[in-house]
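A.B. asks: Below is one structure. I have some questions about it.
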Amino acid sequence: MPAGLIVKALSGYYYVLSEEDEQMTSIQCRARGIFKKRGVSPLVGDKVLFELTENGEGTVDEILPRTSELVRPPVANVELVVLVFAVTEPTLNLQLLDKFLVHTESAGLETIICLTKQDLVTEDKESEATVPSKGDMLSSGVSHIVQLYESIGYRTVVTSAKCGVGIAPVLDQLAGRISVFAGQSGVGKSSLLNAMVPGLQLETNQISMKLGRGKHTTRHVELIRLSNGGLVADTPGFSQLDFLQIDEAEQLSSCFREFKPHSAECKFRGCLHLHEPGCKVIEAKEKGEISLSRYEHYLQFLTDIKERKRRY
Ligand code: GDP
Ligand code: ZN
């Protein structure tokens, strides 16, 4: 039985790319009734076994084990999340970035950070008296952020879809696996994908989406094929609205990668790194080994978790 990959799901049909097909044309398949009985449905991104029927269509017979399963967008076997943030317009929100990172860490997904709209960054000119207008980011500010997240272990790429900057490094990361882009609306996700895929014309600047009545809601998910074998969901991943609910305060700390070597040395087991004596995380923060912004966001999320618990 041939094996393949579901690249699109629409109106009860699954479009399967056969592993053996050089032409890369997808085969329109129905799912076997057994799936419905078992309460499982095939997902875009699923590796499947299928059978060809006489009319040139096919039947999905078996779903191979999944490595991951995202709810939004509904895609199986996602390996990489690209967190997209604009350096400005909208103003870079590091708290939201750290929130997304907690989300991807707890889901066990590899993450890269993409800082878009580099062309809008103001060059530092010490001699110049003009102060950058509000919301403007100086290029030194951007490199500082890149350094911070790289030091934690997140590959961080600065891009400009407008000027064709940083497109190839992002493409390289996507090679040979399934990815999802995530980030606020307006940060340039569609523009970035368009810059990576010749001929792709995703609509940009979809204001209607912000109003919650865009085509987004009715849209199907489809994987966009890249020339390097990568596959990217054509619709963005989770937003701040469906931020994963972490219930255990202790679990939060493990989502801050750079805390780990220190928290293992804290005096008390289950240390929340608030003001416990012998806390090595606080010590590292005071020595500057853990960034103040990351530590502060950790505290804010911890408060959120505690308040949520109190409400139940
Ligand atoms: P999305 O909502 O995240 O998919 O964002 P879009 O790709 O639709 O882009 C939102 C707006 O930002 C559009 O008006 C784009 O033209 C603009 N934009 C996207 N990328 C860049 C960039 O690299 N530089 C500049 N200056 N504007 C950009
Ligand atoms: Zn501690």
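A.B. asks: Considering the chain as a Gaussian network with a 10 Å cut-off on Cα pairs, which listed residue, Ala264, Ala175, Ala76, attains the greatest mean-square fluctuation?
C.D. replies: Ala264
A.B. asks: By the scheme Lys and Arg +1, Asp and Glu -1, what is the net charge of all other residues having a beta-carbon under 15 Å from that of Ser191?
C.D. replies: So the environment of Ser191 carries a net charge of -1.
A.B. asks: A further question on this structure: Under Stokes-Einstein, with the Kirkwood radius over Cα pairs standing in for Rh, what whole-number D in µm²/s applies to the chain at 10 °C and 1.306 mPa s?
C.D. replies: 73 µm²/s
A.B. asks: What ³J(HN,Hα) values, in whole Hz, does the Karplus curve 6.51 cos²θ - 1.76 cosθ + 1.60 give for the range 147-157 when θ = phi - 60°, with x put for Gly and Pro?
C.D. replies: Once θ is set to phi - 60°, the couplings for the range 147-157 become 4, 4, 6, 5, 5, 6, x, 9, 4, 10, 10 Hz.
A.B. asks: Of Pro236, Pro277, Pro90, which has the largest mean-square fluctuation in a 10 Å C-alpha GNM of the chain?
C.D. replies: Comparing Pro236, Pro277, Pro90 in a Gaussian network model of the chain, the most mobile one is Pro277.
A.B. asks: In what order, largest first, do Met137, Met196, Met24 sit by accessible area if the probe radius is 1.4 Å?
C.D. replies: So, going from the largest accessible area down, we get Met24, Met137, Met196.
A.B. asks: Just grab the label-to-label distance for Glu110 and Glu265, each label 7 Å out from Cα along the Cβ direction, in nm (one decimal).
C.D. replies: 3.0 nm
A.B. asks: Now for a separate question. Protein chains only, probe 1.4 Å: how do His220, His103 rank by accessible area, largest first? Walk me through the numbers on the way to the answer.
C.D. replies: On the way: His220 55, His103 25 Å².
Descending order: His220, His103.
A.B. asks: Could you please report the charge total around Cys114, scoring K, R as +1 and D, E as -1 over all other residues with beta-carbon less than 11 angstrom from its beta-carbon?
C.D. replies: Its environment carries a net charge of +3.
A.B. asks: Under a Cβ-Cβ limit of 4.7 Å, which cysteines in the chain have nobody to pair with?
C.D. replies: Cys29, Cys114, Cys163, Cys255, Cys279
A.B. asks: Sequence gap at least 6, Cα distance under 8 Å: using those rules, report the relative contact order of the chain to the nearest whole percent.
C.D. replies: 14 percent
A.B. asks: Additional query: Take the chain, connect every pair of alpha-carbon atoms lying under 10 Å apart with a spring to form a Gaussian network, then pick out the residue of Asn228, Asn194, Asn55 with the largest mean-square fluctuation.
C.D. replies: Result: Asn55 has the largest fluctuation of those listed.
A.B. asks: Multiply the residue gap between Glu89 and Ser143 by 0.36 nm, knock off their C-alpha separation, and tell me the result in nm, one decimal place.
C.D. replies: Working it through step by step, the gained length comes to 17.7 nm.
A.B. asks: A further question follows. Considering amide H positions built from the backbone, and no H for Pro or chain starts, which residues 5 or more places from Thr111, or on another chain, come under 5 Å of its amide H?
C.D. replies: Distant-sequence amide H within range of Thr111: Val81.
A.B. asks: Considering only DSSP states other than H, G, I, E and B, which trypsin sites (Lys or Arg not before Pro) in the range 1-61 qualify as loop sites with at most 11 other Cβ atoms within 10 Å?
C.D. replies: Answer by residue number: there is no such site.
A.B. asks: Right, something else. If you keep only loop residues by DSSP, which trypsin sites (Lys or Arg not before Pro) in the range 146-211 have at most 14 other Cβ atoms within 10 Å of their Cβ?
C.D. replies: Passing sites in the range 146-211 are Lys162.
A.B. asks: Do any trypsin sites (Lys or Arg not before Pro) in the range 223-312 lie in a loop, going by DSSP, with at most 15 other beta-carbon atoms within 10 Å of their beta carbon, and if so which?
C.D. replies: In loop regions of the range 223-312 (DSSP not H, G, I, E or B), the sparsely surrounded trypsin sites (Lys or Arg not before Pro) are Lys267, Arg269.
A.B. asks: Check which residues have an amide H placed less than 5 Å from Asp61's amide H, if you skip close sequence neighbours.
C.D. replies: Leu49, Phe50, Glu51
A.B. asks: Tell me the mean residue ellipticity at 222 nm calculated for the chain from its helices only (DSSP H runs of n ≥ 4, each -39500 (n - 2.57), averaged over every residue, nearest 500).
C.D. replies: The helix-only estimate for the chain comes to -8500 deg cm²/dmol at 222 nm.
The values are calculated or read from the model by the stated rules, or taken from the named source; none is laboratory data. All figures in this text were calculated on a predicted structure; none of them were measured in a lab. Cβ coordinates were reconstructed from backbone atoms using ideal geometry, including for glycine residues, and neighbour counts include every protein chain displayed. Areas reflect the complete protein model, heavy atoms only, side chains present, ligands, DNA and RNA absent. Shrake-Rupley method; radii C 1.70, N 1.55, O 1.52, S 1.80 Å.
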